[in-house]
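Chemist: Take a look at this one; I'll ask things after.
Every read-out reported here was derived from the displayed coordinates using simple, explicitly stated rules and does not represent laboratory data. Only a predicted model underlies this, so the values are computations on that prediction, with no experimental measurement involved. Here the Cβ positions follow ideal geometry from the backbone for every residue, glycine too, while neighbour counts run over all protein chains shown.
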Amino acid sequence: MSDHPSPAPKNFWITLGAIIGGFAIFLLILFIAYLPQQPAPLPEGTKTPAERAQILAEIRAKDKAAATTYAWVDQATGVVRLPTDRAVELTIKELNAKK
């Protein structure tokens with residue numbers, strides 16, 4: 001027979017329980033860390049991405065029209081909106097005339 005005594009059955013079950021418990025805690029941490037969270041429902045009146053894209057396109061078209069066309073801002077006082085390119089040309093012309 002061998003000189004080494006066999007491990008006590010009680011120690012075996014404690015060790016096995018600790019190993020299984022350690023794996024269970026590890027799996028629980030993984031589950032909590034990577035648990036896919038459900039997004040909160042959107043509030044009433046929230047626009048869809050397609051609606052927001054359409055609104056953005058309308059805003060950009062309006063801005064482009066404002067930057068590239070002539071229009072009266074206040075006709076009574078003679079204030080006009082000029083296209084950006086024309087305004088730059090007039091400003092350069094005016095600054096060169098001051099020299």
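Chemist: Any chance you could run the full-extension gain for residue 38 through residue 87? It's 0.36 nm times the residue separation minus the Cα-Cα distance, nm to one decimal. Spell out each step's value before the answer.
Modeler: Numbers: separation 49, 0.36 × 49 = 17.64 nm, distance 5.25 nm.
Working it through step by step, the gained length comes to 12.4 nm.
Chemist: Still on this structure, please answer the following. Restricting the calculation to Cα positions, tell me the Rg (one decimal) and the Dmax (whole number) of region 25-79 in Å.
Modeler: So, for region 25-79, Rg and Dmax equal 24.5, 78 Å respectively.
Chemist: Mark the label point 7 Å from the Cα of residue 96 along Cα→Cβ and return the residues of region 66-86 whose backbone N is within less than 16 Å of it.
Modeler: Counting backbone N atoms under 16 Å from the label point, the list is 85-86.
Chemist: Give me the Kirkwood hydrodynamic radius of the chain in Å, from all C-alpha pairs, to one decimal place?
Modeler: By the Kirkwood definition, the hydrodynamic radius is 22.4 Å.
Chemist: Give me the angle, in degrees from 0 to 90, between the Cα long axis of helix 84-98 and the longest principal axis of the Cα atoms of the chain, rounded to the nearest 10.
Modeler: Value to nearest ten degrees: 60.
Chemist: Then there's this: Grab the DSSP H runs of the chain that are 4 residues or longer, score each as -39,500 (n - 2.57), total them, divide by all residues and round the 222 nm result to the nearest 500 deg cm²/dmol. Please list the in-between numbers first.
Modeler: Working: 3 runs with 60 residues, N = 99.
Here the helix-only value at 222 nm equals -21000 deg cm²/dmol.
Chemist: Here is a follow-up. So for the chain, taking the charge dipole from beta-carbon charges (+1 Lys/Arg, -1 Asp/Glu), which of 55, 45, 13 sits furthest toward the positive end?
Modeler: In the chain, that residue is 55.
Chemist: Treating only the Cβ atoms of Lys and Arg (+1) and Asp and Glu (-1) as charged, compute the dipole magnitude of the chain about its Cα centre; round to the nearest 20 debye. Numbers along the way, then the final one.
Modeler: Numbers: 11 positive and 9 negative charges, 94 e Å.
Magnitude of the dipole: close to 460 debye.
Chemist: Quick one: which residues, 5 or more positions from residue 81 or on another chain, have an amide H under 5 Å from its amide H? H modelled 1.01 Å from N in the peptide plane, none for Pro or chain starts.
Modeler: 71, 72, 73
Chemist: Normalised by the number of residues in the chain, what is the relative contact order in percent for Cα pairs under 8 Å and 6+ residues apart? Display every interim value, and only then the final one.
Modeler: Details: 27 pairs, mean separation 11.6, N = 99.
Over the chain, the number comes to 12 percent.
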